[in-house]
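Heads up: the structure comes next, in structure tokens.
The values are calculated or read from the model by the stated rules, or taken from the named source; none is laboratory data. Please read these numbers as outputs of a predicted model, since none were measured by experiment. Using ideal geometry, Cβ is built from the backbone for each residue, glycine included, and neighbour counts are taken over all protein chains shown. Note: areas computed on protein heavy atoms with side chains; ligands, DNA, RNA excluded. Shrake-Rupley method; radii C 1.70, N 1.55, O 1.52, S 1.80 Å.
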Amino acid sequence: MERTRGIAEAFSAVRRGELIVLPTDTVYGVGVDAFMPPAVTALLDAKGRGREMPPPVLVGSVRAATALVDDLGTYGQDLIDEFWPGALTLVCRANPNLMWDLGETKGTVAIRMPMHELAVELLKETGPLAVSSANLSGRPAARTVDEAEKMLGDSVAVYLDGGTSGHADPSTIIDLTGPVPRLLRAGAVSEDKIRGVVGVLLTEEDEPEKPAEPPP
């Protein structure tokens, strides 16, 4: 009964454009309806972030994810088959027909399906949620609902308590918008596991060195 009531209250809050905190398989997240621009702005404001740091989007099914993207690239489906639901975020070209505003995304969207029963149950009710880690910018991500509440306070309408989150590590982020997958953030899914699926994975070490500035 408590679980059902909590999901219902969170669903209602999302529909009103309010912020909710939810557990995931990595850390706690603060989320809003991805298709309500004022709610996304409120999310960024609550965290102390600007539009240059758009939130990723959590989905409750692979079908919901594919509706949000224009192209999964060469390796997207293989990565989804291997690691979803799970701690892997994929950055893809966004579906250009969607009416939303997540910030300065440059035509991309970061998507993930978490391996957390309560989160997925909620996401299947609400549809895609723009979700960022439940913390103030620059502070450690919350692993309990109490930690989230201490940082975010009254800016959040509903806090869903799912106990301590599964991982201390955030999700691994892979950019699939280029011809070769690129690691944007190391996380819960190791580089070796990613390479086992895609073969080649670019990292910061592969970035070309900037030429030295000429002497004055």
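The table below gives the values:
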{"read-out": "Cβ-Cβ under 6 Å pairs, at least 6 apart or on other chains, segment 145-161 side within 15 Å of Leu118 (Cβ to Cβ), far side outside any helix (DSSP H, G or I) and open to solvent by 50 Å² or more (accessible area, probe 1.4 Å)", "value": "Val145/Tyr159; Val145/Asp161"}
{"read-out": "So Thr74, is it open to solvent by less than 10 Å² (accessible area, probe 1.4 Å), part of a loop (DSSP other than H, G, I, E, B) and at pLDDT below 95", "value": "no"}
{"read-out": "From Leu22, Leu68, residue being surrounded by 15 or more Cβ atoms within 10 Å (Cβ to Cβ), farther than 12 Å from Val131 by Cα and among the aliphatic types (A, V, I, L, M)", "value": "Leu68"}
{"read-out": "Segment 1-19 - residue that is surrounded by 18 or more Cβ atoms within 10 Å (Cβ to Cβ) and not in a loop (DSSP other than H, G, I, E, B) and, of those, nearest to the chain's Cα centre (by Cα)", "value": "Val14"}
